[in-house]
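The values are calculated or read from the model by the stated rules, or taken from the named source; none is laboratory data. Just so it is clear, the structure is predicted and the values come from calculations on it, not from any experiment. Positions of Cβ are generated from backbone atoms using ideal geometry, with glycine treated the same way; all protein chains shown enter the neighbour counts. Accessible surface is based on the protein model in full, side chains and every heavy atom, while ligands, DNA and RNA are left aside. Shrake-Rupley method; radii C 1.70, N 1.55, O 1.52, S 1.80 Å.
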Amino acid sequence: MNQREKVQAMSDREILFHLYMTQVLLLVASIFIAVFLLDWPTVRQMWRFDFQEVVLYGGGGALVVLALDFLMMRYLPESWYDDGGINEKIFQTRSFPHLIWLCSLIAFSEEWLFRGVLQTDLGLFLTSLFFALLHVRYVTKPVLFLMVVLISFFLGYLYEMTGSLWVTIFAHFLIDFVLAVHIRLDYLRNASGNGGEPHA
């Protein structure tokens, strides 16, 4: 049984359970590691919020990544960026409020751990590799794995430049949310075209 068949065999509840458990573990790890590695002034500085900075660097950075993603989807063979159906299984039947919540949770937990905690202690290079390895399903897909590595370096660079986690959280959220909505809309179009009854 290949990865796509394994993913499709999982129930919706199992998919969500694994997703939420992963994010909870990342949050717990962030808190635990931060307590031992970081001092309070460092933590306070990384959570500094500047609206203009968040919109300009976070939003602008996300637009650059999304443009590259959609160009890749348009011009590369589908098999090169096929992740085994995991993203479709996670996002295609979710309501839009649920998509916002999921993408917010993922962006917050992953950025706090990787950019805020690990990058502050280990530096950009090692943190980017760890971030890419978290997405282990991409290891056998060279194009996808390279994209994740490059995105991680890019988000890490934004953090190095601004010193604000809100910038990378917003960028991460926008990237995930736009791609999740794209998956959801494709699902709704296909369901309507096939005469099926899409989920709400």
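Assorted remarks:
- In segment 93-115, the residues that are over 17 Å from SER152 (Cα atoms) reach residues that are outside any helix (DSSP H, G or I) with C-beta atoms within less than 6 angstrom, at least six apart or across chains, in these pairs: THR93/HIS199.
- Close pairs from segment 44-65: first more than 16 Å from GLU111 (Cβ to Cβ), partner part of a helix (DSSP H, G or I) and open to solvent by less than 60 Å² (accessible area, probe 1.4 Å), Cβ under 7 Å, at least 6 apart: none
So that you can scan it fast, the table gives a plain yes or no per residue for (1) modelled with pLDDT of 90 or more; (2) more than 18 Å from LEU144 (Cα to Cα); (3) open to solvent by 50 Å² or more (accessible area, probe 1.4 Å):
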{"site": "ILE31", "(1), (2), (3)": "yes, yes, yes"}
{"site": "TRP47", "(1), (2), (3)": "yes, yes, yes"}
{"site": "VAL54", "(1), (2), (3)": "yes, yes, no"}
{"site": "GLY58", "(1), (2), (3)": "yes, yes, no"}
{"site": "PHE70", "(1), (2), (3)": "yes, no, yes"}
{"site": "MET73", "(1), (2), (3)": "no, no, yes"}
{"site": "GLY84", "(1), (2), (3)": "no, no, no"}
{"site": "SER95", "(1), (2), (3)": "yes, yes, no"}
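- Within segment 39-88, tally of residues that are under 21 Å from the mean Cα position of the chain (by Cα) and either of a type in the set (Ser, Thr, Tyr) or part of a helix (DSSP H, G or I) (or both): 30
- Flag if PHE36 is modelled with pLDDT of 90 or more, over 20 Å from the mean Cα position of the chain (by Cα), of a type in the set (A, V, I, L, M, F, W, C) and more than 20 Å from ASN190 (Cβ to Cβ): no
- When the residues of segment 149-172 are filtered to those that are buried (at least 21 other Cβ atoms within 10 Å of the Cβ) and under 13 Å from the mean Cα position of the chain (by Cα), the one that is nearest to LEU134 (Cα to Cα) is SER152.
- Subset of segment 129-164 that is of a type in the set (Ser, Thr, Tyr) and modelled with pLDDT of 85 or more - its residue that is nearest to GLN45 (Cα to Cα): SER164
- Test result for PHE91, under 14 Å from the mean Cα position of the chain (by Cα) and either open to solvent by 10 Å² or more (accessible area, probe 1.4 Å) or under 19 Å from LYS6 (Cα atoms) (or both): yes
- Some residue of segment 101-120 being under 22 Å from GLN8 (Cα atoms), over 13 Å from the mean Cα position of the chain (by Cα), among the β-branched types (Val, Ile, Thr) and crowded, with 16+ Cβ neighbours inside 10 Å: no
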